[in-house]
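Worksheet for the structure shown next.
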């Protein structure tokens, strides 16, 4: 008989604890967010970021993740990507860690860069494109032409002092350009 009593001496306290937990769960069942928040308050939440070839200055763990507690501040610097502008996180990034592990994908829009041509010759014609994108193939610049036969086109340059000649805009280039026509 004594063996049975020793085994059962923990039964009553455990039963009481389980009853209290069950009552709490049932009282929260209409508000599952509160229950999830309570349950995740002591659990690390993993937020993953799909940067889609972009980079961020925020220090992330391996696998591009941040780890924190539900309800604590969640911040990440907007990512950057050559030739693109960051537009949003999908889904929208909350200001605090959610109650469960989540993934957010960076969305970008491609930038269109302007190409301006300084012909310095009122008789000149130019057949080169006026815009380009980082994803465009290499652009080979064509010579400018003049309706005056004595005007001879020498080349395109990146400065008005004609120091650096340019014949192409390589694929992967970025930034607005001003190209200067040199005549002899």
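Computed from the coordinates by the stated procedures, all read-outs in this text should not be read as laboratory data. All of these numbers come straight from a predicted model, not from anything done at the bench. Backbone-built Cβ (ideal geometry, glycine too); neighbour counts: all protein chains shown.
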Q: Pop the C-beta distance of residue 118 and residue 44 into the FRET formula with R0 = 45 Å and round what comes out to the nearest 0.05.
A: 0.15
Q: With a Förster radius of 41 Å, plug the Cβ-Cβ distance of residue 164 and residue 88 into 1/(1 + (r/R0)^6) and report the FRET value to the nearest 0.05.
A: 0.60
Q.
Multiplying the sequence separation of residue 62 and residue 127 by 0.36 nm and subtracting their Cα-Cα distance, what value in nm do you get?
A. 18.5 nm
**Q.** Kirkwood hydrodynamic radius over Cα pairs of the range 44-110, then Stokes diffusion coefficient at 20 °C and 1.002 mPa s, in µm²/s
**A.** 177
Q: Report the extension gain between residue 96 and residue 77 in nm, rounded to one decimal, defined as 0.36 nm multiplied by the number of residues separating them, less their alpha carbon distance.
A: 5.4 nm
Q. Hey, how many Å between the Cα centroid of the range 154-184 and the Cα centroid of the range 72-138?
A. 24
Q) Hey, with R₀ at 22 Å, roughly what FRET efficiency would residue 142 and residue 176 work out to, going by the Cβ-Cβ distance, to 0.05? A) 0.65
(Q) Past the 20 angstrom mark, what percentage of all C-alpha to C-alpha distances in the range 112-183 do you count? (A) 27
